[in-house]
Amino acid sequence: METVPVSDRRRAFEMVAVYPAEVAAVSRGRLELHELMVLTGLASIADAVALGAHELMANAVIHGCRHQAVKAFTVKVTHSSGRLRTEVQDPSGRRPFQRPPSDEREGGRGLLLVDALAANWGVQPNPSGGKTVWMELDVPGEGTTS
């Protein structure tokens, strides 16, 4: 792993990775995103990025790749102008939705968590099919453009 000098750590970057639609890939993706945040000088938001992305990736595996010919999801992370954007693309066109929390269900709280962590989040259809679910976090100490 390459060490980035402190003065260069907060420059704009983009990272794209494709993962198989497997539960183990979600954990691996979470660890890789956390490491990326630390290595690029964004340790202050590393936990929030990793946790929010974990929820988006888990939804892609459980809901977005199920019953689809494509059994993979793509993660794209972009840092620019005081904002970190994480996108998870899956092959399903079905939009996710927030369900009210329930003591009777084990799951269903992922998007509530994303909503609490992110400055913004949303869903957009992909022109070639499927969808992208995204979240944005402000980077402390950096001005945002929005």
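The values are calculated or read from the model by the stated rules, or taken from the named source; none is laboratory data. Predicted model only: the values in this text are computed from it and were never measured. Cβ: placed from backbone, ideal geometry, glycine included. Neighbour counts: every protein chain shown.
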Quick check on my filter: what residues within segment 14-37 are part of a helix (DSSP H, G or I), β-branched (Val, Ile, Thr) and surrounded by fewer than 13 Cβ atoms within 10 Å (Cβ to Cβ)? Val23
Can you find a residue that is under 16 Å from the mean Cα position of the chain (by Cα), part of a helix (DSSP H, G or I) and modelled with pLDDT of 95 or more anywhere in segment 61-71? yes
For segment 79-116: of the residues being at pLDDT 65 or above, outside any strand (DSSP E or B) and of a type in the set (D, E, K, R), which is surrounded by the most Cβ atoms within 10 Å (Cβ to Cβ)? Arg109
Out of curiosity, is Gly41 assigned to a loop (DSSP other than H, G, I, E, B), at pLDDT below 95 and over 19 Å from Gly130 (Cβ atoms)? yes
Given (1) in contact with an Asp or Glu (Cβ under 8 Å, 6 or more places away or on another chain); (2) within 15 Å of Ala17 (Cβ to Cβ); (3) surrounded by 20 or more Cβ atoms within 10 Å (Cβ to Cβ), where does Lys76 come up short, assuming only one miss? (3)
